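Structure first, commentary second.
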Amino acid sequence: MVVLQGHVLEHIPTLKTSNHLVIADIYDPMHLEQLEQGRDLSDDQRAQVVDAVTAVLSTQLRRGDFFLCASQRQRHFWLGHLAAIGRLSPTVYDADPTTRSLLAVTPFGLSGKPPQRTGPGLRDTLGFGSREKVVLWAGGVCSWFDPLTLLHAVHALRAEHSDLRLVFLGMRHPNPDVPEMGRAGQTRRLAQNLGLTGVQVFFNETWVPYADRQNWLLDADASVTTHFEHVETTFAFRTRVLDYLWAGPPIVTTDGDAFAELVAAEQLGVVVPAQDPVALAAALQRVLYDDDFAAGCRDRIAAVAQRFTWETVLAPLVEFCRHPRPAPDRLRCTPPIAPERRTGVAGALRRDAALVQGYLAAGGPSEVARRAAGRLRRWVKPS
């Protein structure tokens with residue numbers, strides 16, 4: 001059995017036609033991300049990147065024996081893709097009309113052990129005292145997020161609440177070859193223009209190691225994630241919100257994604273409309289300064305977090321591994337033909353060009369070189 005995600009089938013093309021049982025983790029709808037991330041490219045380049053990433057995902061969906069997605073919303077989305085490429089066949093349906101044995105909700109999880117402080121957090125690092133009210137933006141600033149509305153909300157509260165502090169956990173990727181997304185630069189400039197930088201808004205320029213992140217999370221009075229209303233949001237699963245559930249600060253989030261539904265249904269914080277700084281300012285004020293409301297949120301978060309422990313969320317994968325079997329339709333057919341063999345040299349060249357653009361956007365020239373070297377190693381065999 002092989003569990004994979006992303007571009008692994010392209011890196012190890014022998015898996016496309018092997019007899020391995022392939023479990024594909026499709027929690028990340030990469031093609032939807034590229035609709036936003038590729039805005040800085042030309043129209044043709046952007047279309048090529050989206051087409052290439054869609055082809056990568058389609059190859060996984062044709063090849064896989066079992067699929068993992070992150071939410072019920074995603075499950076509906078991927079069922080549509082599977083149906084479109086012919087995987088929801090009578091053979092598959094008759095074996096399991098629910099299709100849960102083919103596609104299961106198995107999201108990213110969190111530790112079942114509560115976070116324990118192991119070192120200095122954001123208050124010590126940034127020089128905050130115990131009286132400051134800290135809102136934490138965990139993770140980086142990607143193209144599909146909306147930190148600009150958040151900055152306007154903080155600016156609206158500054159006169160009444162001078163003790164409010166907004167902290168961005170990590171602005172730079174630890175890999176120097178991964179370029180900063182344009183949204184991060186816009187965020188810095190707006191904070192500076194509003195006079196917030198270093199006063200009420202703080203950017204952590206380094207990358208907090210994963211094993212140390214709880215020290216920063218435990219210092220937060222509230223957590224926040226804001227995004228735009230678009231198709232990426234609809235099917236996103238913000239793994240940073242799992243850290244919020246783990247550490248327990250009340251959550252302020254924009255409406256539109258699966259976690260916003262959870263926050264609203266379980267009263268874990270406040271859900272606000274997209275691009276509404278007035279509603280966002282009111283939400284921040286409530287989770288920071290209404291002590292009874294914040295305490296209730298923390299209690300409810302502690303209970304809900306148990307649903308997302310690794311032991312719970314990985315149950316479908318564990319069950320499959322205990323009783324592995326090929327997908328019913330793959331028992332009766334040969335492995336799928338790789339897309340480049342179906343579409344010929346011209347199609348393969350177009351895909352390669354689009355992949356190069358995607359690698360440049362993700363990691364710069366060194367990432368392109370690394371990928372090319374890997375392909376050469378597969379092609380060139382010792383005589």
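The values are calculated or read from the model by the stated rules, or taken from the named source; none is laboratory data. Small disclaimer: the values here were computed from a predicted structure and weren't measured. Note that each Cβ is placed from the backbone with ideal geometry, even for glycine, and that neighbours are counted across all protein chains shown.
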**OP:** For residues that are surrounded by fewer than 18 Cβ atoms within 10 Å (Cβ to Cβ) and touching a residue at least 12 places away in the same chain (Cβ under 8 Å), tally how many sit in the stretch 36-72.
**Re:** 6
Original post:
residue 19 is checked against (1) surrounded by fewer than 20 Cβ atoms within 10 Å (Cβ to Cβ); (2) modelled with pLDDT of 95 or more; (3) part of a loop (DSSP other than H, G, I, E, B) and fails just one. What number does that condition carry?
Top reply: (2)
Original post:
Residues in the stretch 22-55 that are more than 20 Å from residue 104 (Cα to Cα) and part of a helix (DSSP H, G or I): how many?
Top reply: 23
**OP:** Please determine, by comparing only the residues of the stretch 273-282 that are without any contact (Cβ under 8 Å) to a residue 60 or more places away in the chain and assigned to a helix (DSSP H, G or I), which one is nearest to residue 222 (Cα to Cα).
**Re:** 282
Original post:
Would the stretch 135-158 turn up any residue that is of a type in the set (Asp, Glu), touching a residue at least 40 places away in the same chain (Cβ under 8 Å) and more than 18 Å from residue 283 (Cα to Cα)?
Top reply: no
Subject >> Complete set of residues in the stretch 75-106 that are surrounded by fewer than 18 Cβ atoms within 10 Å (Cβ to Cβ), within 21 Å of the chain's Cα centre (by Cα) and in a loop (DSSP other than H, G, I, E, B) >> reply: none
Subject >> Selection from the stretch 129-145 of residues that are at pLDDT below 95 and either assigned to a loop (DSSP other than H, G, I, E, B) or over 21 Å from residue 259 (Cα atoms) (or both) >> reply: 129, 130, 131, 138, 139, 140, 141, 142, 143, 144
Original post:
Counting only residues that are of a type outside the set (A, V, I, L, M), without any contact (Cβ under 8 Å) to a residue 60 or more places away in the chain, at negative phi and surrounded by fewer than 19 Cβ atoms within 10 Å (Cβ to Cβ), how many does the stretch 235-272 have?
Top reply: 3
Original post:
Any idea which residue in the stretch 73-99 is farthest from residue 321 (Cα to Cα), counting only those that are among the hydrophobic types (A, V, I, L, M, F, W, C) and in contact (Cβ under 8 Å) with a residue 60 or more places away in the chain?
Top reply: 77
**OP:** Looking at (1) of a type in the set (Lys, Arg); (2) over 28 Å from residue 69 (Cα atoms); (3) not assigned by TED's automatic domain parsing to the domain that holds residue 277, find the lone condition where residue 100 falls short.
**Re:** (2)
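A quick yes/no check of all residues on (1) under 28 Å from residue 10 (Cα atoms); (2) modelled with pLDDT of 95 or more; (3) not basic (Lys, Arg):
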residue: 264; (1), (2), (3): no, yes, yes
residue: 282; (1), (2), (3): no, yes, yes
residue: 329; (1), (2), (3): yes, no, yes
residue: 336; (1), (2), (3): yes, no, yes
residue: 348; (1), (2), (3): yes, no, yes
residue: 351; (1), (2), (3): yes, no, no
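Conditions (1) surrounded by 14 or more Cβ atoms within 10 Å (Cβ to Cβ); (2) not aliphatic (A, V, I, L, M), marked per residue:
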site: 170; (1), (2): yes, yes
site: 175; (1), (2): no, yes
site: 183; (1), (2): yes, yes
site: 188; (1), (2): yes, yes
site: 194; (1), (2): yes, no
site: 198; (1), (2): no, yes
site: 201; (1), (2): yes, no
site: 208; (1), (2): yes, no
Original post:
Hey, which of the helices (runs of 4 or more DSSP H) in the stretch 206-247, taking only ones fully inside, have at least 2 residues that are under 15 Å from the mean Cα position of the chain (by Cα) and closer than 20 Å to residue 105 by Cβ?
Top reply: 231-234, 239-247
**OP:** Take the stretch 252-272 and flag every residue that is closer than 22 Å to residue 28 by Cβ and either among the basic types (Lys, Arg) or assigned to a loop (DSSP other than H, G, I, E, B) (or both).
**Re:** 255, 256, 257
Original post:
Given the residues 150, 190, 166, which is the only one that is assigned to a strand (DSSP E or B) and touching a helix residue (DSSP H, G or I) at 6+ places or on another chain (Cβ under 8 Å)?
Top reply: 166
Subject >> Selection within the stretch 30-65 - closer than 23 Å to residue 183 by Cβ and of a type in the set (Gly, Ala, Ser) >> reply: 38, 42, 47, 52
